[in-house]
Each structure stands twice: as C-alpha cells, then as structure tokens.
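**Student:** First, the structure itself, so that you have it in front of you.
The values are calculated or read from the model by the stated rules, or taken from the named source; none is laboratory data. For clarity, every value in this text was computed on a predicted model and none was experimentally measured. Positions of Cβ are backbone-derived with ideal geometry, glycine not excepted, and every protein chain shown enters the neighbour counts. When the accessible area is computed, the model is the full protein with side chains, heavy atoms only, and any ligands, DNA or RNA have been set aside. Shrake-Rupley method; radii C 1.70, N 1.55, O 1.52, S 1.80 Å.
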Amino acid sequence: MISIIGARTKDLLILEDEMTRVSNSLKVSTDDGSYGVHGFVSDILQDVIDQGTNINLVVAIGPVPMMRVVCNVTRNKNLKTVVSLNPIMVDATGMCGACRVTVGGGHALFV
C-alpha cells in the first residue's frame, strides 16, 4: 500500500507515524515545501501513476477541492477511486439541505 499525505506546512502535517506503520511506502507533500515534496498530494499521485505503478484502488480523504483534483487525475487512467464526502450536517436530518453536494453536474444528494 502506498500512502500519500499532505498539508499546507510541516507544522500542520498529522498522522505521519501512524501512516508509516500501515503503509509499504509513505510519500509526503507540503504546499510550501517545508517538508517532503513541494506540491500537492495529487502531484505525487500523478508521479506514481506516470511511473507505471500497478494501482487497484485510490482512496482520497480530505478537503473537497483536493478530492476533486484526485478524481480528475485518476479519471484519465480509469482508476477506481473512492472519496469521502463528509459535509457538515446542520439539522442532523438532512432536510435543511446544508449537507447536499452536487454530483454529475447538478444532481443534489443528501450525504
């Protein structure tokens, strides 16, 4: 299992030791270059793909913009990708609509 973790800066990076223990390979990025690769997790993912690594599944958890970029990267190679959309639920029922997300250009879902 290859794990890729990232943060804006080294000081904001979390769970590195835990991810190291459960991964065959851990790659780290920081937006500002203060630790690991200077760039985004999607940049590292693209490099892993470009190296011809056999990938069965990509799982992305984090900010929605990052997960969108990861999906765009994996879509080009038709790689199975799972993301974790966890919007804030204001009313705890889903009825107010604050937790709706748009999928496929306009289909609103309750998450």
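**Student:** Could you check region 16-111 for strands (runs of 3 or more DSSP E) lying wholly inside it with 1 or more residues that are modelled with pLDDT of 90 or more?
**Tutor:** Numbers: elements: 25-30, 58-60, 81-83, 101-103, 107-109.
Ranges flagged: 25-30, 58-60, 81-83.
**Student:** Go through region 1-24 and report how many residues are within 17 Å of Ile55 (Cβ to Cβ) and charged (D, E, K, R).
**Tutor:** Result for region 1-24: 0.
**Student:** Does region 74-85 contain at least one residue that is surrounded by 14 or more Cβ atoms within 10 Å (Cβ to Cβ) and in contact with a Ser or Thr (Cβ under 9 Å, 6 or more places away or on another chain)?
**Tutor:** Filtering region 74-85 for residues surrounded by 14 or more Cβ atoms within 10 Å (Cβ to Cβ) gives 74, 79, 81, 83.
Remaining after also requiring in contact with a Ser or Thr (Cβ under 9 Å, 6 or more places away or on another chain): 74, 81.
Yes; the residues of region 74-85 include at least one that is surrounded by 14 or more Cβ atoms within 10 Å (Cβ to Cβ) and in contact with a Ser or Thr (Cβ under 9 Å, 6 or more places away or on another chain).
**Student:** So Met1 ticks every box in (1) surrounded by fewer than 16 Cβ atoms within 10 Å (Cβ to Cβ); (2) in contact with a helix residue (DSSP H, G or I) (Cβ under 6 Å, 6 or more places away or on another chain) but one. Which box is left unticked?
**Tutor:** It is condition (2) that Met1 fails.
**Student:** Report every pair of residues separated by at least 6 positions or lying on different chains whose Cβ atoms are under 8 Å apart, first residue within region 22-48 and closer than 14 Å to Ser3 by Cβ, second hydroxyl-bearing (Ser, Thr, Tyr) and open to solvent by 20 Å² or more (accessible area, probe 1.4 Å).
**Tutor:** Listed pairs, sorted by first residue: Leu26/Thr20; Val28/Tyr35.
**Student:** If you don't mind, there's one more thing I want to ask. In region 9-52, which residues are of a type in the set (D, E, K, R), over 20 Å from Val73 (Cα atoms) and open to solvent by 60 Å² or more (accessible area, probe 1.4 Å)?
**Tutor:** Going residue by residue through region 9-52, those that are of a type in the set (D, E, K, R) are 10-11, 16-18, 21, 27, 31-32, 43, 47, 50.
Applying the additional criterion that residues be over 20 Å from Val73 (Cα atoms) yields 10-11, 16-18, 21, 32.
Hits for region 9-52 are Lys10, Asp11, Asp17, Glu18, Arg21, Asp32.
**Student:** A further question on this structure: Against the condition among the β-branched types (Val, Ile, Thr) and without any contact (Cβ under 8 Å) to a residue 12 or more places away in the chain, how does Val70 come out, does it pass?
**Tutor:** No; evaluated as a whole, the condition is false for this residue.
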